[in-house]
Amino acid sequence: MSTQGSEKDRVVIFDTTLRDGEQSPGATMTHEEKLEVAALLDEMGVDIIEAGFPIASDGDFAAVHEIAKRTKKAVVCGLSRAGFKDIDRAAEAIKPARRGRIHTFISTSPVHMKWKLQMTPEQVYELVVAQVTRARNHTEDVEWSPEDATRTEPDFLCRCVEAAIKAGATTINMPDTVGYATPDEYYAMFRMVMERVPNSDRAVFSVHCHNDLGMAVANSLAGMRAGARQIECAVNGIGERAGNCSLEEVVMAMRVRNDVLPYDTKIDATMLTRASKLVSAVTSFPVQYNKAIVGRNAFAHESGIHQDGMLKHTQTYEIMTPESVGVKQTSLVMGKHSGRHAFVHKLEELGYHLASNQLEDAFVRFKALADRKKHVYDEDIEALVDEEIATAQDRIKLVSLSVIAGTRGPQRATMKLDIEGRVTTEEAEGNGPVDATFNAIKALVPHEATLELYQVHAVTEGTDAQAEVSVRLSENGRSVTSRGADPDTLVASAKAYLGALNKLMIKRQRGQLETVTAPQRRIHSTEAV
Ligand code: KIV
Ligand code: ZN
């Protein structure tokens, strides 16, 4: 595989936003959204896209398969447990890829082997050989991971790694599955394995760090220092529990501090902001304001002293420029007189490539927005197009909403929905206009899901700014989050609630399939083979 054996300090970026990232509770993405994210990752220069876990559901399989078909440059990878059915399904899913990889894993730590797998170390060892051999019969590019490597007994870890390489694994990924290691420990584990395992020079070593103690990026860099040359990471650091190593942080750390972290990647850093916004939009996970690199305050200077310094010389308080990570300085753009040509140009500038029907819909919605809002900013267009992508496959769509609100209650909402092509109307009262709106949805689409989060923020400044609403619903332990944007807060609220219901429908379908195929997919860290 061509990512192997490249020049000494070239680091391979393995993005797992669509696999480990999508396993974040509430981060479900639709098929279309996954394709959109994969296309952006490919364009951005990610080397390997872990597109999903094909055995988990027909939806996961279809996404990996379609991404494998469409991806132009990156290797497309499918995850599998140790069972042969898992491995064969992953192989099937990546078949159309120009370059495909199977990533197969099994737990090797005492606690996982005893309680999760209920297997002896010898049984696990035999499975390591069998799983890698099986995967290798399908493709030359096989990655093997000893899950919970950082809590694995060193001799056993070395034995398993040696066996996996002998059986044909070309990448060895040693995950800090529970986010427990410190940078020194993680460094030492890589040194120990690479020095003790006689055939270690025949594989690329890889880091995969979780952020439970906030050390995922530091641990990943420590692994590089020890000799690993692949980093598994996710946009915005999404992933199981506290998440994975953040792609934008680890890439920019290596770029800005190349003097002490002399590693190169192929990532086009000017696309990092766009990637962050897209992933945030499709998962409806907000990006923390002070998040490094992509937070909205990452380049904001508030105090007088800092502002004064910045005016005199930007390097006084800036270690990288906002432009270097794709932050646009001027964002005032268009209004109701802007035509289709200008709109298409703007979309290209913002990094969107829409299909012609999506473009048409987006343009109509842009015109409608420009009629209501004097200045349309980049952020407005991004919210509008992200919503276009997110709702393309929705089975329930908002047709119209009118609400009577004010000091004299009760507030009333009249709503018309298109539910799989059937248009129905309902009226409902509530304790306030949002409650009335949500009650109208419940009357039209009866469900048991509970509202766990309702949050509103303004996309830009000014009283005519679009409201962006996030809604999280949960049902039978499954949770989904969705966002809606509109100059009318109540319409944005309805869109967000309906978006979450649409995602819940996808989850319900997956749930049915999961009971047949992979009952423990959503709790990947406790999976049995
Ligand atoms: O965290 C982990 O151990 C994983 C493996 C499947 C690589 O995600
Ligand atoms: Zn993980």
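Of the residues making up the range 120-139, those that are open to solvent by less than 70 Å² (accessible area, probe 1.4 Å), of a type outside the set (Val, Ile, Thr) and in contact (Cβ under 8 Å) with a residue 40 or more places away in the chain are Leu127, Ala130, Gln131, Ala135. Looking only at the range 89-111, how many residues end up being out of contact with any Lys or Arg (no Cβ under 8 Å at 6 or more places or on another chain) and either open to solvent by 20 Å² or more (accessible area, probe 1.4 Å) or not hydroxyl-bearing (Ser, Thr, Tyr) (or both)? Total satisfying the criteria: 11. Tell me yes or no: at least one residue of the range 62-85 is open to solvent by 40 Å² or more (accessible area, probe 1.4 Å), assigned to a loop (DSSP other than H, G, I, E, B), without any contact (Cβ under 8 Å) to a residue 12 or more places away in the chain and not aliphatic (A, V, I, L, M). No, the range 62-85 contains no residue that is open to solvent by 40 Å² or more (accessible area, probe 1.4 Å), assigned to a loop (DSSP other than H, G, I, E, B), without any contact (Cβ under 8 Å) to a residue 12 or more places away in the chain and not aliphatic (A, V, I, L, M). Among all positions in the range 257-269, there is no residue which is farther than 23 Å from Asp386 by Cβ, within 16 Å of ligand 1 (Cβ to nearest atom) and not small (Gly, Ala, Ser).
Report yes if Asn236 is within 23 Å of the chain's Cα centre (by Cα) and within 13 Å of ligand 1 (Cβ to nearest atom), otherwise no. In short, no. Here is the figure for the range 238-250: residues that are more than 19 Å from Tyr186 (Cα to Cα) and either part of a strand (DSSP E or B) or open to solvent by less than 10 Å² (accessible area, probe 1.4 Å) (or both) total 2. Within the range 359-375, the only residue that satisfies the criterion of being outside any loop (DSSP other than H, G, I, E, B) and modelled with pLDDT under 85 is Arg372. When you check Ser6 against the structure, is it at pLDDT below 95 and either away from ligand 2 (no atom under 16 Å from the Cβ) or open to solvent by 40 Å² or more (accessible area, probe 1.4 Å) (or both), yes or no? Spelling it out, Ser6 is indeed at pLDDT below 95 and either away from ligand 2 (no atom under 16 Å from the Cβ) or open to solvent by 40 Å² or more (accessible area, probe 1.4 Å) (or both). Within the range 302-338, the set of residues being at pLDDT below 85, open to solvent by less than 80 Å² (accessible area, probe 1.4 Å) and not hydrophobic (A, V, I, L, M, F, W, C) comprises Ser303, Gly304, His306, Asp308, Gly309, Thr314, Thr316, Glu318, Ser331, Gly335, Ser338. In the range 86-110, the residues that are acidic (Asp, Glu) reach residues that are part of a strand (DSSP E or B) and buried (at least 19 other Cβ atoms within 10 Å of the Cβ) with C-beta atoms within less than 6 angstrom, at least six apart or across chains, in these pairs: Asp86/Ser80. The sole residue among Phe299, Phe285 that is within 22 Å of the chain's Cα centre (by Cα) and open to solvent by 30 Å² or more (accessible area, probe 1.4 Å) is Phe285. Here the range 9-29 is the region considered, the condition is being farther than 23 Å from Ser284 by Cβ and at pLDDT 95 or above, and the residue that is surrounded by the fewest Cβ atoms within 10 Å (Cβ to Cβ) is Arg10. Among the residues making up the range 35-66, those that are out of contact with any Cys (no Cβ under 6 Å at 6 or more places or on another chain), closer than 18 Å to Cys233 by Cβ and among the β-branched types (Val, Ile, Thr) are Val37, Val46, Ile49. Among the candidates Asn211, Asn219, the residue that is within 16 Å of ligand 1 (Cβ to nearest atom) and open to solvent by 30 Å² or more (accessible area, probe 1.4 Å) is uniquely Asn211.
Report the residue count in the range 16-61 for those that are farther than 23 Å from Asp394 by Cα and free of Cβ contacts under 8 Å to residues at least 40 places away in the same chain. Residues that pass the stated criteria total 2. Which of the residues that make up the range 30-52 are over 13 Å from Val75 (Cα atoms), among the hydrophobic types (A, V, I, L, M, F, W, C) and open to solvent by less than 10 Å² (accessible area, probe 1.4 Å)? Passing the criteria: Val37, Met44.
Counting only helices (runs of 4 or more DSSP H) that fall entirely inside the range 105-204 and contain at least 2 residues that are touching a strand residue (DSSP E or B) at 6+ places or on another chain (Cβ under 6 Å) and more than 16 Å from ligand 2 (Cβ to nearest atom), the qualifying elements are 121-138, 154-167.
This table checks each residue for (1) under 20 Å from Thr16 (Cα atoms); (2) more than 16 Å from ligand 1 (Cβ to nearest atom); (3) among the hydroxyl-bearing types (Ser, Thr, Tyr).
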{"residue": "Cys160", "(1), (2), (3)": "no, no, no"}
{"residue": "Ala169", "(1), (2), (3)": "yes, no, no"}
{"residue": "Ala188", "(1), (2), (3)": "no, yes, no"}
{"residue": "Ala226", "(1), (2), (3)": "no, yes, no"}
{"residue": "Arg241", "(1), (2), (3)": "yes, no, no"}
{"residue": "Met252", "(1), (2), (3)": "yes, yes, no"}
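Taking into account only those residues within the range 12-29 that are away from ligand 2 (no atom under 11 Å from the Cβ) and in a loop (DSSP other than H, G, I, E, B), which is farthest from Gly78 (Cα to Cα)? Checking each candidate, the answer is Pro25. Beta carbons closer than 8 Å, at least 6 apart along the sequence or on distinct chains, pair a first residue in the range 207-224 that is within 9 Å of Cys245 (Cα to Cα) and touching a residue at least 40 places away in the same chain (Cβ under 8 Å) with a second that is aliphatic (A, V, I, L, M) and not in a loop (DSSP other than H, G, I, E, B) for His208/Met174; Asn219/Val207.
Scanning the range 384-413 for residues that are closer than 17 Å to Lys34 by Cα and of a type outside the set (S, T, N, Q) yields Val385, Asp386, Glu387, Glu388, Ile389, Ala390, Ala392, Asp394. Against the numbered list (1) in contact with an Asp or Glu (Cβ under 7 Å, 6 or more places away or on another chain); (2) buried (at least 19 other Cβ atoms within 10 Å of the Cβ); (3) over 21 Å from Ala485 (Cβ atoms), Lys266 comes up short only at (2).
The values are calculated or read from the model by the stated rules, or taken from the named source; none is laboratory data. These numbers were taken from a predicted model, which means no experiment stands behind them. Positions of Cβ are backbone-derived with ideal geometry, glycine not excepted, and every protein chain shown enters the neighbour counts. Surface accessibility is based on the protein's heavy atoms, side chains included, excluding ligands, DNA and RNA. Shrake-Rupley method; radii C 1.70, N 1.55, O 1.52, S 1.80 Å.
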